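The structure appears below as structure tokens.
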Amino acid sequence: MPHKAYKFRLYPNKDQRALIHQTHGHCRFVYNYFLERWNTSYKEEGKGLDRSIMSKMLMKMKKQDDTAWLRNVDSVALQASYENLMDAFKRFFKGPNKYPRFKSKKNPVQSYTTKNSHNCIAIVGNQMKLPKLGLVKFVKSRDIEGRILKATIKYNASGTFYVS
């Protein structure tokens with residue numbers, strides 16, 4: 001069965017909105033932090049970072065006191081942000097893509113992706129179960145066929161939230 005994407009409008013409550021914004025910020029921080037580390041590593045040693053090094057560095061960052069706030073959000077979303085960076089570098093070295101840029105807080109569309117591990121993303125009636133957010137109301141415009149692999153939560157500058 002081919003992969004199929006669905007997009008639904010989310011209606012999070014006040015606490016869930018705050019956690020979504022917090023997760024966007026943390027994922028942006030992780031992406032920018034590892035991009036900076038990749039740049040310095042490439043200048044000093046002539047090679048960048050790999051996935052295992054970034055994974056170990058992220059675990060150490062969560063244990064440190066000054067970056068302990070990274071534990072407040074979905075860990076899979078943080079891992080997905082440095083995997084997106086690895087994918088950006090792979091596409092840069094293979095083809096016509098430009099060098100990865102730092103993510104900005106001023107971008108009108110903020111998003112993060114989380115993967116479905118241990119059934120943490122599911123549909124329960126007219127609500128969607130998402131990691132760390134719990135049950136979030138959404139508009140179910142059509143039925144979903146197959147299983148859910150991952151979910152991307154987007155926030156537009158107009159104040160609307162979407163999950164795809």
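The values are calculated or read from the model by the stated rules, or taken from the named source; none is laboratory data. Please read all numbers here as calculations on a predicted model, not as lab measurements. Neighbour counts are summed over all protein chains in view; Cβ atoms, including those assigned to glycine, are modelled from backbone coordinates with ideal geometry. To get the accessible areas, we keep the full protein, side chains included, count just its heavy atoms, and leave off ligands, DNA and RNA. Shrake-Rupley method; radii C 1.70, N 1.55, O 1.52, S 1.80 Å.
Tabulated values for the structure
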{"item": "Single residue of region 63-74 satisfying the filter (assigned to a helix (DSSP H, G or I) and without any contact (Cβ under 8 Å) to a residue 12 or more places away in the chain) that is most open to solvent (accessible area, probe 1.4 Å)", "result": "63"}
{"item": "Members of region 51-62 found to be open to solvent by 30 Å² or more (accessible area, probe 1.4 Å) and in contact (Cβ under 8 Å) with a residue 24 or more places away in the chain, listed by number", "result": "51, 55"}
{"item": "Matching residues in region 36-56 - criterion: being touching a helix residue (DSSP H, G or I) at 6+ places or on another chain (Cβ under 9 Å) and either outside any helix (DSSP H, G or I) or over 14 Å from residue 80 (Cα atoms) (or both)", "result": "37, 38, 41, 47, 48, 49, 50, 53"}
{"item": "Residue pairs meeting the criteria (Cβ under 8 Å; at least 6 apart or on separate chains; first in contact (Cβ under 8 Å) with a residue 60 or more places away in the chain, in region 103-119; second open to solvent by less than 80 Å² (accessible area, probe 1.4 Å) and of a type in the set (Ser, Thr, Tyr))", "result": "103/31; 110/155; 111/152; 111/155; 112/23; 112/81; 112/152"}
{"item": "Residue check for residue 17: in contact with a strand residue (DSSP E or B) (Cβ under 8 Å, 6 or more places away or on another chain), modelled with pLDDT of 95 or more and more than 15 Å from residue 76 (Cα to Cα)", "result": "yes"}
